[in-house]
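One structure below.
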Amino acid sequence: MAEVSRTVGNQKAQQHEDLRLRLAGELSADLEAVADTIGRARDDLIVAAVPFNGGALIPTSEDRLAGLRAHLEQVAAEGFAIEDPHSLSWPAQRRNAELPEPEVADAACATCQGGCCRPGGPSWGFIGKEEVCRYRLDNPDAGPEDFITYYMGHVADETVSDSCIFQAEMGCVLARTDRATLCNTFLCRGVNRMLADLAGDHSQPVAVIAQDHGDARNLGSWSPERGWTRVGLAEPERR
């Protein structure tokens, strides 16, 4: 089983590398322009390929809100029934998960616009018993309804379609301390590859290509001098 898993992992890594190289070739003129703009040679650019979430902002429906409340009621009942909330709160893991991401990783995520947030829709937002236990430790006098009210109160009037209910115009409305541990620890294959290519040297500039089903949809750049910049692909279509 482990050998099969390694084989599949290697195949997916190669597929991602093939996609990255193809997109870099298709956008060679754009990448040259990025390099010129930041005053670097094209060969200095680390090129990353990440997913793209092109969901439109839409009014948050009553159905989505009702779905979120139903989910929160369920996990609150389960989480408050746990005798010792420390057993699921994993404080050391949480402290590490709540540390800020490197700026270059934030830039890649801003170009992607939350592809990994899609599975959090339409109404559960990755919130589970672990978040209930953490909330209990931070709020020892609170009850299940307080937990439900807290998370319901963070939902924006407009949210991204076909994505996590906590994803709004400027990204996640939850502070890192309120997100699920998964949200703070997961990095997609593209970001992991980019960080590996940087090898800790965040003085190197990066061009991030966001793609949907193999088609380039967004392009961003990051450099220590300029930070993150969205550059000149055509405006992505919205669903």
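Read the figures in this text as sums done on the coordinates, not as results from a lab. None of these values were measured; they are calculated from a predicted model. Note: ideal-geometry Cβ built from the backbone for every residue, glycine included; neighbour counts use all protein chains shown.
Details
- Estimated FRET transfer efficiency (ALA70, ASP157; beta-carbon r; R0 25 Å; 0.05): 0.80
- In this structure, ALA142 and LEU187 have a Cβ-Cβ separation that, at R0 = 25 Å, corresponds to a calculated FRET efficiency of about 0.20.
- Interchain or long-range residues, amide H under 5 Å from VAL47's placed H: ALA207
- Counting every C-alpha pair in segment 41-137, the share spaced more than 18 angstrom apart comes to 64%.
- Under the simplified labelling scheme, the GLU83-ALA199 pair shows an inter-label distance of 5.3 nm, with each label point 7 Å from Cα along Cα→Cβ.
- Relative contact order for the chain, counting Cα pairs under 8 Å that sit 6 or more residues apart, in percent: 31 percent
- Cα-based shape type of segment 108-151, given that a ≥ b ≥ c are square roots of the gyration tensor eigenvalues and the cut on a/c is 1.5: prolate
- At R0 = 35 Å, FRET efficiency that the Cβ-Cβ distance of GLU169 and GLN15 yields, to 0.05: 0.60
- Built amide H within the under 5 Å cut-off of GLN211, gap 5+: VAL50, PHE52, ARG217
- Three-way shape label, segment 117-185, alpha-carbon gyration tensor, a/c 1.5: prolate
- When the helices of the chain are scored as -39500 (n - 2.57) per DSSP H run of n ≥ 4 and the total is divided over every residue, the value at 222 nm lands at -14000 deg cm²/dmol.
- Taking a sphere under 15 Å around the Cβ of GLU98 and counting the other residues whose Cβ falls inside, with K and R at +1 and D and E at -1, yields a net charge of -1.
- Net charge contributed by nearby residues that have their C-beta within less than 13 Å of ASN139 (K/R +1, D/E -1): -4
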